[in-house]
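One structure below.
FYI, it's all coordinate maths here, none of it is from the lab. Keep in mind that what you see is a predicted model, and the values were worked out from it rather than measured. Every residue, glycine as well, gets a Cβ built from its backbone with ideal geometry; the counts of neighbours run over all protein chains shown.
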């Protein structure tokens with residue numbers, strides 16, 4: 001499976017948590033693919049927000065609007081709350 005995010009780095013981050021034991025070889029690959037799909041989703045929504053406002057750039061405010069407009073991103077609400 002081809003992924004855009006470095007599998008070795010993801011595995012290292014996972015193993016940095018002392019509560020995590022051994023990590024199956026396929027796990028970091030699955031996490032990498034999930035991260036890739038998540039990023040595509042949120043960036044697409046933010047780009048739509050930018051386009052609606054005739055902006056040529058995706059700004060932090062567009063990410064905030066994407067997060068607040070989509071229920072699936074509710075877990076990020078506190079993080080983007082400080083964005084103007």
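Structure values in brief
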quantity: Crossing angle, helix 7-16 versus the chain [Cα axis fit, 0-90 degrees, rounded to tens]; calculated: 80 degrees
quantity: Å³ per residue enclosed by the Cα convex hull of the chain; calculated: 125 Å³
quantity: Between 0 and 90°, nearest 10: helix 26-52 axis offset from the chain longest Cα axis; calculated: 0 degrees
quantity: Residue-span extension gain [residue 76 to residue 24] - 0.36 nm each, minus C-alpha spacing; calculated: 15.9 nm
quantity: Part-to-part distance (alpha-carbon centres) for region 1-56 and region 60-77, which is given in Å; calculated: 17 Å
quantity: Angle in degrees between helix 60-69 and the longest Cα principal axis of the chain, rounded to the nearest 10; calculated: 80 degrees
quantity: Listed peptides 28-36, 66-74 by packing density, highest first (mean Cβ within 10 Å); calculated: 28-36, 66-74
